[in-house]
Amino acid sequence: MSKYLLAGSLCLSLIIPSALLTSCRKKAKDPEPVVAAKTYGAITVKVSNEVDGSPVTFGAYSFTNAKGERYSINILKYYISNFTLVGEDNTETNYHNYKLIDAKDTSTCRFTLDSIPNGNYKAIKFYIGVDSLNNHTGLQEGDLDPIKQMIWGWKIGYIFFKHEGTFRNDTGGSEILLYHLGTDEALSQASITIPLITVKGNDHTLYLKFNLNDVYHKPNDVGFKRNNIHQSTDIFGDAGWLLDLRTNMPNAFTCSKVE
Amino acid sequence: MNKKNILFIFSLFVFFFSSIQACKKDGNPDGYSGPTPYHLVIPTGLPPMAIPANNPLTVEGVALGRKLFYDPILSRDLKMSCASCHNQAFAFSDSTLQFSIGVDGVAGNRNAMNLFNLGYQKEFFWDGGVSTLEDQVIGPIINPVEMHETIPNAIQKLRSDPFYPALFKKAFLTDSITTPLLMKAIAQFERTMVSGNSKYDQYKRGEATLTLQEMKGLDLFEDGTKGDCTHCHVMGSTFSDFEYRNTGLDSIYTDVGRYRITFVGSDSGKFKTPSLRNIALTAPYMHDGRFSTLQQCLDHYNTGFHYSDNLDITLKVTRKGRMNAQDMSDIIAFLHTLTDTGFIKNPLFRNPS
C-alpha cells in the first residue's frame, strides 16, 4: 500500500509539472477544447519559388527576364505577413504572422495556419513585407530577429524582398544584381482568389506559387541594365524602381491548387 | 515521521517546485535569483532618464554591455570594437579623425559621434535613422565601413566563446544568446554613460566659479543678438533639443542628412543638433568633421553659413558678422567649461579587461 502511495506521488511529481509546462506554452488563439466534432481545421501553405515555371536554382545563369537579360540568383528571400483567410461570406480571419521565405531553405517555404473555424474560404490576403507597426525596431524574435539578415543598420527597417545575384550585360560580362526592397512605402498586399476550401474539422494544403520573373514584369518591366543596385536608400534613384516593384509584387503570387 | 511520509512530502515538494519552474523560460538549477537592479545616479542638473520597460538596467546587463562595447569579437577581423571609434578620452568620439576607418581600411562619410547622455535622446545617428539605443547596435556591426560583420557570425562567435554564455545567462536568465539580448546589453551600458559634472555644472550647483571671460561667454552664448546658440543647443541640461536642422554648412548636399530617412524635401541638409557638452574634446566638428577647431565653428555661425530654402529660420534672420573676435573667444572659453573630466576618467566606463 505504502509502496503504491510512494510510486504514485513520485509519478504525479513528474507528470503534473510536464502537463503544466505544456499549458504554459499554450497561445491565446489555441482552440477551445471540443467534445464532439472539431469546429476548426488547419491549412498548411506551401510556397514554391519559380522562374516562369522552373524551380529556383542558385548560382548559374539559368534565368532570363522579360527584357531578355540572363541572370542568376544567389539569395532570394522575402517576407509574407499578416496572412488572412477570406470566408465565402467575406469574414476575414487574420493571422498576425511574419514569415520569412528563404528560397534556398525549403523548410522555410511552408507554414501552417491553425484553428481555422469551420467554413468555406474563397480567398487569401497577405502583405509582402512587414507592416509599419513592426517595421521600426529590430528588437524582435523569430523570423524578425536581425539574425535573419533582413534588416538595415543605417535606418532600422526590414528588407521585405532580397534578390542578390548577377546578370549578363550587353558585352556578355557579369555584373552584380542587388535588389533590397523595403521601407514602409514599399509594402504591398496580395489578394488572391483560391479554389474554395471547405474546412470541416479537417486539414488542407494550399499551394502558393511565386514567380520571380513576374516581380520584374507584371505589369511594369524592370530591367537590370544600369538599374542593378537598389537598396531603397535613396529616393532619387530608387523611387521609380520601388514603385514598380511594389506594384508588381502581389502579381507574382498565384494559388496553383488546394488539397 | 516515518521514511515513506518523508518521501511523500519530499516528492510533493519536488512537484511544487518543478511546476513553478515549468512556467519560467529556463530552469535555474543553481539557485541564482536573477540580475540585480542597477541604480543609475543622475547628477543634479540633468533630468530623470526614462528606461524602457522591456530593458531595465541591471548590474549584470550593464557589465555585459560594457564588455561587449570593448570587445573586438563583434568585428569581422576581431580587431575593432565599438571603442575603436568611440574613445573615452575624447568623450567617446573618435580621436582626431574626420572619418573613422572601418575593418577593411575604408573610411565612412560621417564623423563618429560622441556617446554620453544617450538615454535622453529619442533618435540616433546624425540623421536620426534609428529610434532606440537597442536598434542602434545593429548598424556599426553590419556596416561594411565599420565592423563589417554579419549578425549570424557575431552571435555564433558569442555562443562559442568560453565566457559569454555564462554572462548572458546571468544578465538575462537564458541559455541562448540571441540578437535582441546583444542589443539590450549594449544599450544598457550606453544608458549608464551619463555626463553632468562639468565646471559649468559645478558652477550651477555653487561648487565652482567661472572666470570673467567664461561668464561673458555664457551670456553671449544665450544672447539673441550675438551667439544665439541656445535656440538649438538649449542652455543647461543636455545642451541640445536633438532636433534636425540645416545650419547652412552647404547649399548643395553631398550628404542629404535627415532627408535620407524621411524623404521629405525640406529635410535635405538637416542633421541632428548635437550636445555641446564635452565639445572641447570631440574635434573635429559637424557631421562630416569638416571643422577642426571651435574657432572654425564660430566663424561658420558668424559669417560662414550658406543661404538656402532649408536654412534654419534662426540663421536666416540673423545678421552675418554679428559677433566680433572677442565675442567668439569668450564663447569658446565658455564651451570649455562644459568639459567633464570626471566622465572621461570614470572607471565605470573604462575597458573592463
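The values are calculated or read from the model by the stated rules, or taken from the named source; none is laboratory data. Everything numeric in this text was worked out from a predicted model, so none of it was measured. When we count neighbours, we look across all protein chains shown, and the Cβ atoms used for this are built from the backbone with ideal geometry, even at glycine. Side chains are part of the model used for accessible areas, which takes the heavy atoms of the whole protein and leaves out ligands, DNA and RNA. Shrake-Rupley method; radii C 1.70, N 1.55, O 1.52, S 1.80 Å.
Alpha-carbon geometry of chain B: the Rg and the Dmax are 24.4, 97 Å, given in that order. In the stretch B:131-179, the residues whose accessible area drops by at least 50 square angstrom when the other protein chains are added to the isolated chain are B:Asp135, B:Pro152; the probe is 1.4 Å and only protein heavy atoms count.
One chain, two ends: B:Leu212 and B:Val317. Fully extended at 0.36 nm per residue, the span grows by 34.8 nm beyond their Cα-Cα distance.
Only the Cβ atoms of Lys and Arg (+1) and of Asp and Glu (-1) were treated as charged; on that basis the dipole of the protein assembly as shown about its Cα centre amounts to roughly 1700 debye.
How much accessible area per residue does the stretch A:146-188 have, counting only protein heavy atoms and a probe of 1.4 Å, in square angstrom?
Accessible area per residue, the stretch A:146-188: 32 Å².
Evaluated over the Cα positions of the stretch B:59-195, the convex hull gives a direction-averaged projected area, one quarter of its surface, of 7.8 nm². In the context of the full set of protein chains, residues of chain B present 45 Å² of accessible surface per residue (probe radius 1.4 Å, heavy atoms only).
Given the options B:Pro274, B:Pro180, B:Pro144, which has the most mean-square fluctuation in a GNM of chain B, springs set between C-alpha atoms less than 10 angstrom apart? Looking only at B:Pro274, B:Pro180, B:Pro144, the biggest GNM fluctuation is shown by B:Pro180. Packing, taken as the mean count of other beta carbons within 10 Å per residue, orders the peptides B:314-320, B:302-308, B:165-171 from highest to lowest as B:165-171, B:302-308, B:314-320.
Taking 0.36 nm per residue of separation and subtracting the Cα-Cα distance, full extension of the segment from A:Asn90 to A:Ser174 would add 25.3 nm.
If I take every Cα pair under 8 Å that is 6 or more residues apart in the stretch A:40-258, average their sequence separation and divide by the length, what percent do I get for the relative contact order? Display every interim value, and only then the final one.
Values: 525 pairs, mean separation 57.7, N = 219.
It comes to 26 percent, rounded to a whole number.
For A:Asp145, A:Asp89, the ranking by accessible surface with the largest value first comes to A:Asp89, A:Asp145, using a 1.4 Å probe. Three principal axis extents describe the C-alpha atoms of the protein assembly as shown; from largest down they are 91, 86, 46 Å. Once both labels are positioned 7 Å from their Cα atoms along Cα-to-Cβ, the gap between A:Asn227 and B:Asn109 label points is 2.4 nm.
With the full set of protein chains in place, find how many percent of the accessible area of the protein assembly as shown is carbon and sulfur; take the probe as 1.4 Å.
Solvent-exposed carbon and sulfur of the protein assembly as shown make up 57 percent of the total.
Can you sort B:Phe271, B:Phe239 by solvent-accessible area, 1.4 Å probe, largest first?
B:Phe271, B:Phe239
Highest GNM mean-square fluctuation among B:Gln188, B:Gln202, B:Gln136, for chain B modelled with Cα contacts below 10 Å: B:Gln202. Here the calculated FRET efficiency for A:Lys257 and B:Gln326, from their Cβ-Cβ distance with R0 = 60 Å, stands at 0.10, rounded to the nearest 0.05. Is any residue of the stretch B:105-128 close enough, with backbone N under 16 Å, to a label point placed 7 angstrom from the Cα of B:Asn346 along the Cα-Cβ axis, and if so, which? In the stretch B:105-128, the label zone of B:Asn346 (backbone N under 16 Å from the point 7 Å along Cα→Cβ) covers B:114-121.
How large is the dipole of chain B about the Cα centre if only Lys and Arg carry +1 and Asp and Glu carry -1, each at its Cβ, rounded to the nearest 20 debye? All intermediate terms of the calculation are to be shown ahead of the outcome.
Details: 34 positive and 35 negative charges, 221 e Å.
Taking the Cα centre of chain B as origin, the dipole is about 1060 debye.
Placing R0 at 25 angstrom, the Cβ-Cβ distance between B:Ala53 and B:Ser33 gives a FRET efficiency of 0.75 after rounding to 0.05. A simple spin-label model places pseudo-atoms 7 Å from Cα toward Cβ; at A:Ser115 and A:Glu141 they are separated by 1.8 nm. When the Gaussian network model of chain B links Cα atoms closer than 10 Å, the mean-square fluctuations of B:Tyr301, B:Tyr70, B:Tyr253 top out at B:Tyr253.
Can you give the accessible area buried between chains A and B, summed over both chains, with a 1.4 Å probe, in Å² to the nearest 100?
On the way: alone 13690 and 17250 Å², together 28150 Å².
Roughly 2800 Å².
Separation of the stretch B:112-147 and the stretch A:207-259, taken as the distance between their Cα centroids, equals 31 angstrom.
When shorter helices are ignored and each DSSP H run of at least 4 residues is given -39500 (n - 2.57), the per-residue value for chain B at 222 nm works out to -9500 deg cm²/dmol. With a Förster radius of 30 Å applied to the beta-carbon distance between B:Thr230 and B:Tyr307, the computed FRET efficiency rounds to 0.85.
Residues of the stretch A:117-166 that lose at least 40 Å² of accessible area (1.4 Å probe, protein heavy atoms only) when the other protein chains are present, relative to their chain alone, are A:Leu139, A:Glu141, A:Pro146, A:Ile147, A:Gln149, A:Gly153, A:Trp154, A:Lys155, A:Ile156.
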